[in-house]
Every structure is written in structure tokens, then in C-alpha cells.
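Reviewing the structure listed below.
The values are calculated or read from the model by the stated rules, or taken from the named source; none is laboratory data. The model shown is predicted, which means the values in this text are computed figures rather than measured ones. A quick note on method: Cβ atoms are made from the backbone with ideal geometry, for glycine too, and the neighbour counts reach across all protein chains shown. These accessible areas exclude ligands, DNA and RNA; they are computed on the full protein's heavy atoms, side chains included. Shrake-Rupley method; radii C 1.70, N 1.55, O 1.52, S 1.80 Å.
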Amino acid sequence: MNTKFWLVVPAAGVGARMAADRPKQYLRVAGRCILEHTLDCFLDHPGLLGAVVCVAPDDPFWPQLVVASDPRIRRADGGRERADSVLAGLTTLIQEGAAEQDWVLVHDAARPNLAAEDLHRLLESLATDPVGGLLAVPVRDTLKRVGGDGRVCETVDRSVIWQAYTPQMFRLGTLRQVLDQALRQGVTVTDESSAMEWAGHQPRLVEGRADNLKVTRPEDLHYLQRIWCSR
Ligand code: CTP
Ligand code: MG
């Protein structure tokens, strides 16, 4: 099956936890910046219909990238929170003629190590799903619930706890409507799935690789450098 999809890449964050001289998506690793590596995970895929990259309105770095002039990529103004950026990207897709029924994948600019096999598995697993879903990883470590005094209250059953990754894959029209409503009502939306859950849907989890990490702190960059440069 060759599932067709649109792509939205939120890339309007400032990277406060990375504390670098520029937003982390523009830091270079293995010869290219993080955002270029991220887009590369999708641009060769035969199912890709087109993409929107959501960047800060005054972002001086995006126009300098070669990939910014790729005819399949549009730019949108990102917003205050990640969900605002994603909503702007979805709206741009509709304006570009994408259909409400089309699949859209939302993928963090800061996750440049998405494996082709994970993208393939997500698309295959959800192609006929009525809701959609997301890549996720079961937690590995023993989990503790902590009290205000810094002492363990209990050990949590980790078999039912998964970490939510991206891409997250939903129908464009539904996701846009749900995100818009959630944001208008002041709901905290940390990922697309949480907005869909708020609207009463049950997104499907598709197990992915743990190394599809979100670059957050300087040590994550060092990790990428190590794994990419040893290939
Ligand atoms: N993002 C966005 N618009 C925002 C905030 C975040 O498009 N207003 C994007 C980031 O660029 C990133 C993704 O959402 O690709 C995940 O966010 P996160 O890892 O939290 O990135 P930052 O917000 O940039 O980092 P930090 O929270 O450390 O400031
Ligand atoms: Mg953030």
C-alpha cells in the first residue's frame, strides 16, 4: 500500500533547554542542520504530497537553507505554543488545496533520526484506521510516583505507560477542527494526540524505535554525532 500524506513540521521553538546561540533546529550535526536532516526523512518518500514548515515569523535561518526553495515545501508562521504552530501549518495545507479527508503527519523539527522503517510501519499500520495514531515507545525504566518530600510513594505499573513520539498521523480536517476548538477553549495541548483524546477519540499507538529522540539538551546532539558518524 502506498499511503499518500501531507507533512507538517513545527519548527518555531526557541530551544530554551539547549541554550545555544540559535534555535536547536538550526544547529549543525554531521554536515547539515537538524531541520535539514529531519526533512530528509520524508522528502524521498513516494507518498509525500507536500509539506509545511512552521517557523517563527522573524526567523532569519530558514530562508538560508537550500531546502527552503524545494517546490513541495511551504512556509507558515509558527505561533506561541507548539500547537499554535501546528494549527497554522494545517491551515496552510487547506489553503493550498489539501482535502479534509487526507492524512497529515505532524513531526517535530527536533526529531532528525526517524528511521525509514518507523515511517513505513506508521503509514502501513494506520492506512485504514478510522482515527489515526502515533509512534510511541514503551517505557523501559521502573517508574516511581514521588511525593512533595522527594520520597517514593509507589512504583507505577510501567506496562501501561508509553512515551508519545512523532510522527503523529490524523485526518487533516478532523485534526484541524479539534486543535482549533481545544486552543479556543484553553485546553493544554502538548501533542496532536492529546487534542484528539480531548475530543473523545482514541488514537492508536504504533511501536517505534527509541532512537527517534527529540533533540532537547546538548548531550542529545553529542549522541546523534556519535551514532551518525559511526555509520
Ligand atoms: N515548536 C513550534 N512552535 C512553538 C514551540 C515549539 O513549532 N511555539 C516546535 C519546536 O521547534 C520543536 C517541536 O515543536 O521542533 C517540539 O518542541 P520542543 O522540543 O519543546 O522545542 P523548543 O520549544 O524549541 O525547545 P524548548 O522547550 O527547550 O524551548
Ligand atoms: Mg518547547
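Here are the numbers for the structure shown:
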| quantity | calculated |
| --- | --- |
| Out of Gly79, Gly50, sole residue that is open to solvent by less than 10 Å² (accessible area, probe 1.4 Å) and closer than 27 Å to Leu179 by Cα | Gly50 |
| Any chance Leu39 is farther than 28 Å from Pro130 by Cβ, of a type in the set (A, V, I, L, M, F, W, C) and not in a loop (DSSP other than H, G, I, E, B) | yes |
| Yes/no for Leu87 being touching a Leu at 6+ places or on another chain (Cβ under 6 Å), open to solvent by 20 Å² or more (accessible area, probe 1.4 Å) and within 16 Å of ligand 1 (Cβ to nearest atom) | yes |
| Selection from region 3-22 of residues that are near ligand 1 (Cβ under 6 Å from one of its atoms) and under 30 Å from Gly173 (Cβ atoms) | Pro10, Ala11, Ala12, Gly13 |
| Pairs with Cβ under 6 Å, 6+ apart, first in region 122-134 and open to solvent by 20 Å² or more (accessible area, probe 1.4 Å), second part of a loop (DSSP other than H, G, I, E, B) | Val131/His201; Val131/Pro203 |
| Where Glu197 falls short, out of the listed (1) farther than 26 Å from Pro112 by Cβ; (2) open to solvent by 80 Å² or more (accessible area, probe 1.4 Å); (3) touching an Asp or Glu at 6+ places or on another chain (Cβ under 7 Å) | (3) |
| Considering residues of region 214-231 that are charged (D, E, K, R) and in a helix (DSSP H, G or I) only, the residue nearest to ligand 2 (Cβ to nearest atom) | Asp220 |
| Answer residue from region 33-49, given it is more than 16 Å from ligand 1 (Cβ to nearest atom) and not acidic (Asp, Glu) and is nearest to Asp59 (Cα to Cα) among those | Leu43 |
| Qualifying position, being of a type outside the set (Asp, Glu) and closer than 24 Å to Arg176 by Cα, among Val9, Val29 | Val9 |
| Residue count, region 196-213 (criterion: assigned to a helix (DSSP H, G or I) and out of contact with any Phe, Trp or Tyr (no Cβ under 9 Å at 6 or more places or on another chain)) | 2 |
